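Have a look at the structure below before the remarks.
The values are calculated or read from the model by the stated rules, or taken from the named source; none is laboratory data. Worth saying up front: this structure is predicted, and the values here are computed from it rather than measured. Methodologically, a virtual Cβ is constructed for each residue, glycine included, from the backbone with ideal geometry; neighbour enumeration extends over all protein chains shown. Areas reflect the complete protein model, heavy atoms only, side chains present, ligands, DNA and RNA absent. Shrake-Rupley method; radii C 1.70, N 1.55, O 1.52, S 1.80 Å.
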Amino acid sequence: MIPSRAQAPDQPLSPDQVRGALETILQSDAFLSSPRASQFLRYIVERSLGEQHESLKEFTIGLDVFGRPASFDPRTDTIVRVQARRLRKRLEDYYANQGASDAIVIELPKGSYVPSFHSREGARVDRRIGLLGNIGGPRRRWWIGLAAGALAAVLLVWPGLHSPAASSLPRSRAADRVEAAVASGPLSVPLTSFGGYEGQPDLSPDAEKLAFVWDGEQGDNLDIYIKPLSGDTLERLTHHPGPECCPAWSPDGRRIALLRPAASGADLVVISVPGHEERTLARLSELGHQISWSPDGRFLAVEDHPEGEPQGIFLVSSSGATKRRITEAPRGLSDAWPAFSPDARALAFARGSNGHVVHTLELASDGTPSGAPKRHTAVAMIGGLDWTPDGRDLVFGLYTEEVGWRLWKVRAGVQGETAVPLRYLGWQPSFGRRPLSSKARLVYAAASDDKNIYRAPGPGASAAQGAPQRIVGSSRNDTAPRVSPAGDKIVYVSGRSGHMEVWTSGIDGSSPRQITFSGRTEVGSPSWSPDGRFIGFNGFLNGAGDVYVVEAGGGIAQRRTTHPSTEGGVSWSRDGRWLYFVSDRTGSSEIYKKPAGGGETIRVTANGGHQAVESPDGKWLYYSKSVKRPGTPESLPGDGEPGIFRIPVTGGAEERVLEEGVCGRWALSRTGIYLLGSAGGRAPSIDFYSYGAWQRKTLVTFPKHARFGIANSLTVSEDDSWIIYA
């Protein structure tokens, strides 16, 4: 039981005090090991503090926290009640051990989903607590609000292939439970919830077993695991010290292929199941995103980029005897996520750099290409790709800042067909190859996505600035912060209005104000002009990604670029005369600039670039080339060449100043560069490098499972007083 409290006159608790107690709980061992419990607890506490008690019902919690569909029936699916009992027990255990000296207690009373908050020195506080202002609490250790929920594999009975015919294959109890619950539509159920990173699922051909990547109970390394759909038996397939990825079942279900880091790239490895006998088929130059076996088991499609050659998709024979190219990505682009069609007559893949486009390539019987690739989607952030078992549709993950990852589908045989969003929030889809007479099964990775913005004191801070705190948060994503030149405000993107729009607030998050009213979901990456009068941002307001400028007080956004390519990543020159931005107009992502008031566009980089910022003295242009794909664990690198680079503003040779660094994870101050990363197996941290010396000094260290946004996740005030991160 939770320790008793002495009864005394009421001592109201402020929301800040309750949130401080919540963060302390979530950083405990009991909750770090259970993302599901953490997500549940954060949800009910935040809804209670926000007076959103109508959402603290079993049905709403099932949808919002546990990903149940609109057809969720709490009478037959008891997940909320079961998890509530587990949460109460976890809280009791926490306060009996690690939280025994906590000043504030959070409880979940039996028979209710509305939490109560108590002070150990005071009496019960009304659980419908109002906003009482900013009352200071005790100084806390460094912390970060984790994005609720870890990556997890989810099972779905696919809606498009239902048939009354019975399957002759053995059925699992999990599948029986799913199909019994589906009366008029598909239902997805979680398959894994071990905590940490669980992703890259691949369903066995008979749709009875799952191979996936997990970083283990200690969160220390990515290995391949196998789990049957029925029961909780877990088989660890690999024990290699490097982070492995991309498990793929062979068509006969007797082997699993994977990618393993090597000194000069990656190894394509095949392991027998059972037996665990390993065989290396090929040495590749890069780790890649996905492996696909041909339906007859003769070939494995993988990504590779041989030195001096274009990047592309290659076919490796299952004997390891041959490797041959079948696609050639244009300069600056890459081909990823290869997937054979069920009849082996086509290969699907995604081509792009920051964003990707889904293509298909027709194949002859020997795997050689027949014609040119066909384009099927617009440019988007793609994550995972597979064919439906009947070969009619392609299903893929697509990312937006508003909702995070969602599954989409597009007709495979038709160019120009509009892609359709599905109801399932996730990515990395994988179908089992069961006979079409039975219901198809799909697994995918999923995680809740609720980004918030936090502020921590920087090296130039006074002691009075205190511990880190959340300054911007809502039930939607709040991300991409930028500190104003004067250091008194921030601009950021928030979905709280129902669409991702540009907002501003005080440096402490006070006085939030909506600046744009586009009514669209594709607005992002805002930045201040040097005088603080204007905000530049990118958006798809006219059917293409372009650069816009709006007055900092709000108004009508003015379009600054009109090229049909995708453009974004806006920043200003220090004199306010130029707008820097990223464009893929040449086929690769490069940095350009043009006069802030309009005029001729000038290309700045020649070897790639994704984010550019002028130094405070206006002499250098710093930029990065690597991009962190959303949903990948912090321990894996981004796509593209890592590091921070610079060139003189007046023109000159490129110089690499830092070996680490990906787009959106670094910021400049007057004294140096701040970097958010986790290279070399380190826990995520914010590090500082002074100009010239380039020696690292760690300022903030986060828990290993901390997750961060990809769009401008880090910003600092130029005087080093504040570090702000999403």
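Computed quantities for the displayed model
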| item | result |
| --- | --- |
| Residue in region 494-507 that is surrounded by fewer than 21 Cβ atoms within 10 Å (Cβ to Cβ), of a type in the set (Val, Ile, Thr) and at pLDDT 90 or above present | yes |
| So residue 670, is it under 26 Å from residue 486 (Cα atoms), open to solvent by 40 Å² or more (accessible area, probe 1.4 Å), among the basic types (Lys, Arg) and part of a loop (DSSP other than H, G, I, E, B) | yes |
| Residue that is modelled with pLDDT of 90 or more, in contact with a strand residue (DSSP E or B) (Cβ under 6 Å, 6 or more places away or on another chain) and open to solvent by 30 Å² or more (accessible area, probe 1.4 Å), where the choices are 260, 325 | 325 |
| Some residue of region 469-484 being modelled with pLDDT of 85 or more, under 21 Å from residue 291 (Cβ atoms) and in a strand (DSSP E or B) | no |
| Unique match (being at pLDDT 85 or above, open to solvent by less than 20 Å² (accessible area, probe 1.4 Å) and under 26 Å from residue 471 (Cα atoms)) among 25, 104 | 25 |
| For residue 706: the one exception among (1) part of a loop (DSSP other than H, G, I, E, B); (2) over 20 Å from residue 457 (Cβ atoms) | (2) |
| Tally, over region 382-405, of residues that are more than 20 Å from residue 301 (Cβ to Cβ) and either open to solvent by less than 20 Å² (accessible area, probe 1.4 Å) or not in a loop (DSSP other than H, G, I, E, B) (or both) | 5 |
| Which numbered condition residue 505 fails, given (1) small (Gly, Ala, Ser); (2) closer than 16 Å to residue 539 by Cα; (3) in a strand (DSSP E or B) | (2) |
| Any hit, region 433-443, residues being surrounded by 15 or more Cβ atoms within 10 Å (Cβ to Cβ), under 21 Å from residue 375 (Cβ atoms) and modelled with pLDDT of 75 or more | no |
| Members of region 700-725 that are among the small types (Gly, Ala, Ser) and open to solvent by less than 10 Å² (accessible area, probe 1.4 Å) | 706, 709, 713, 717 |
| Tally, over region 603-614, of residues that are in contact (Cβ under 8 Å) with a residue 40 or more places away in the chain and either in a strand (DSSP E or B) or buried (at least 17 other Cβ atoms within 10 Å of the Cβ) (or both) | 8 |
| Qualifying positions in region 343-367 - part of a loop (DSSP other than H, G, I, E, B) and either open to solvent by 50 Å² or more (accessible area, probe 1.4 Å) or over 16 Å from residue 303 (Cα atoms) (or both) | 343, 344, 345, 354, 355, 364, 365, 366 |
| Scope region 583-595; condition open to solvent by less than 30 Å² (accessible area, probe 1.4 Å) and modelled with pLDDT of 90 or more; matching residues | 590, 591, 592, 594 |
| Cross-chain or 6+ apart pairs with Cβ under 8 Å, region 495-513 first and over 17 Å from residue 554 (Cβ atoms) and without any contact (Cβ under 8 Å) to a residue 60 or more places away in the chain, then outside any loop (DSSP other than H, G, I, E, B) and open to solvent by less than 30 Å² (accessible area, probe 1.4 Å) | 508/455; 508/471; 509/453; 509/455; 509/471; 509/472; 509/490 |
| Filter pass, residue 379 being open to solvent by less than 20 Å² (accessible area, probe 1.4 Å) and either without any contact (Cβ under 8 Å) to a residue 24 or more places away in the chain or among the β-branched types (Val, Ile, Thr) (or both) | no |
| Residue 446 at pLDDT below 85, of a type outside the set (Ser, Thr, Tyr), out of contact with any His (no Cβ under 9 Å at 6 or more places or on another chain) and farther than 18 Å from residue 707 by Cα | no |
| Unique match (being modelled with pLDDT of 90 or more, in a loop (DSSP other than H, G, I, E, B) and either more than 18 Å from residue 612 (Cα to Cα) or open to solvent by less than 60 Å² (accessible area, probe 1.4 Å) (or both)) among 532, 555 | 532 |
| Top-ranked residue of region 562-602 - restricted to ones that are touching a Pro at 6+ places or on another chain (Cβ under 8 Å) and in a strand (DSSP E or B), ranked as farthest from residue 536 (Cα to Cα) | 578 |
| When residues of region 472-482 are limited to those that are touching a strand residue (DSSP E or B) at 6+ places or on another chain (Cβ under 8 Å) and open to solvent by 20 Å² or more (accessible area, probe 1.4 Å), the one nearest to residue 571 (Cα to Cα) | 482 |
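Results for (1) farther than 18 Å from residue 379 by Cα; (2) more than 26 Å from the chain's Cα centre (by Cα), shown as yes or no for each residue.
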| position | (1), (2) |
| --- | --- |
| 547 | no, no |
| 551 | yes, yes |
| 559 | yes, yes |
| 564 | no, yes |
| 567 | no, no |
| 574 | yes, yes |
